[in-house]
Amino acid sequence: MIVRRILLASAVLALAASAPAGAQDAGDNPATKVLVRDNPRHKEFLKVVAKGEGDVIFIGDSITQGWEGAGKKAWAEHFASFKPVNLGINGDQTGHVLWRLTEGKEIEPLKPKLAVIMIGTNNTGSHTPEQIAGGIKAVIAELQKQKPGMKVLLLGVFPRAGGIKKEDTVAPAEKLNPKIKAINDIIAKFADDKTVFYKDIGAGFLNKDGGLEKKVMPDLLHLSPEGYEIWATAIKDDVAKLTK
């Protein structure tokens, strides 16, 4: 376990030297600190991946986990043919994902063609956009290290809002978290359009005035069935193309 952490630290330090401007160096970045996530859901993942099946892996937090709840219908309709594996865990930050990929060995038995990543929103409360971008970059680097033939579809962090009254149904544009745009401006530069592809589908969740409606995100963070349909529709063609 100690050896794995040393190797990961070396990898993210090497990554920092080539990271695009704006992403904080891994050496002093709390968003690249490995955070243990040895919970029951992780243990269930190990049973699932032990079968070695799955052309597409979805990596993220509770928003990704939600494909099993509010997103179940959209998942079945749009992604079932790709033998997808849902690796989303509620509350995860970039550091938790790094642990799951390294010491947690969540993708070790798999030979996926594509990883779909949407992570970072849970970092926004304590980390800067530059730090979060660095954490996301470290996740990509670890994926590429373990599965060099796999492609990565990196999604921009979805819009979110706060400070809205319980009875309000819409969060106006000025209430959206400004960190999200700052993060996405940085991580968009991680794409090389050869192995790493970037797509920001956030605008699809917003109304014509740029606001966020509770019919799409009931708590202005997590998606409704309608929100998952928007997500699935926005990337299904990319998934098909990148898994050929």
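The values are calculated or read from the model by the stated rules, or taken from the named source; none is laboratory data. It should be emphasised that the depicted structure is a prediction, and the values quoted were computed from it without experimental measurement. As a convention, Cβ positions derive from the backbone with ideal geometry for all residues, glycine included, and neighbour counts pool all protein chains shown. Ligands, DNA and RNA are excluded from the accessible area calculation, which covers all protein heavy atoms including side chains. Shrake-Rupley method; radii C 1.70, N 1.55, O 1.52, S 1.80 Å.
Tabulated values for the structure
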read-out	value
Top-ranked residue in region 190-199 [being free of Cβ contacts under 8 Å to residues at least 40 places away in the same chain and open to solvent by 50 Å² or more (accessible area, probe 1.4 Å); ranked as farthest from Gly163 (Cα to Cα)]	Lys194
Residue in region 149-159 that is among the aromatic types (Phe, Trp, Tyr) and over 13 Å from the mean Cα position of the chain (by Cα) present	no
Region 54-67: number of residues that are at pLDDT 95 or above and either assigned to a loop (DSSP other than H, G, I, E, B) or open to solvent by 40 Å² or more (accessible area, probe 1.4 Å) (or both)	3
Unmet criterion (only one of (1) assigned to a helix (DSSP H, G or I); (2) out of contact with any helix residue (DSSP H, G or I) (no Cβ under 7 Å at 6 or more places or on another chain)) for Gln131	(2)
Residue tally, condition in contact with a Lys or Arg (Cβ under 8 Å, 6 or more places away or on another chain) and in a loop (DSSP other than H, G, I, E, B), over region 212-244	5
Filter result (touching a Phe, Trp or Tyr at 6+ places or on another chain (Cβ under 8 Å), assigned to a loop (DSSP other than H, G, I, E, B) and surrounded by fewer than 22 Cβ atoms within 10 Å (Cβ to Cβ)) within region 136-163	Gly156
Residues (farther than 18 Å from Gln65 by Cα and open to solvent by 60 Å² or more (accessible area, probe 1.4 Å)) located in region 200-235	Asp200, Ala203, Lys208, Asp209, Lys215
Answer from Ala80, Ala74, Ala70, Ala115 - the residue that is open to solvent by less than 10 Å² (accessible area, probe 1.4 Å), aliphatic (A, V, I, L, M), modelled with pLDDT of 95 or more and not in a strand (DSSP E or B)	Ala74
Condition met for Arg100 (in contact (Cβ under 8 Å) with a residue 60 or more places away in the chain, in contact with a Lys or Arg (Cβ under 9 Å, 6 or more places away or on another chain) and buried (at least 24 other Cβ atoms within 10 Å of the Cβ))	yes
Given (1) under 15 Å from Ile235 (Cβ atoms); (2) out of contact with any helix residue (DSSP H, G or I) (no Cβ under 8 Å at 6 or more places or on another chain), index of the condition Asp168 fails	(1)
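The rows are residues; the columns are (1) of a type in the set (A, V, I, L, M); (2) farther than 20 Å from Ser62 by Cα; (3) loosely packed, with under 15 Cβ neighbours inside 10 Å; (4) modelled with pLDDT under 95.
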{"position": "Lys165", "(1), (2), (3), (4)": "no, yes, yes, yes"}
{"position": "Lys179", "(1), (2), (3), (4)": "no, no, no, no"}
{"position": "Ala188", "(1), (2), (3), (4)": "yes, yes, no, no"}
{"position": "Asp237", "(1), (2), (3), (4)": "no, yes, yes, no"}
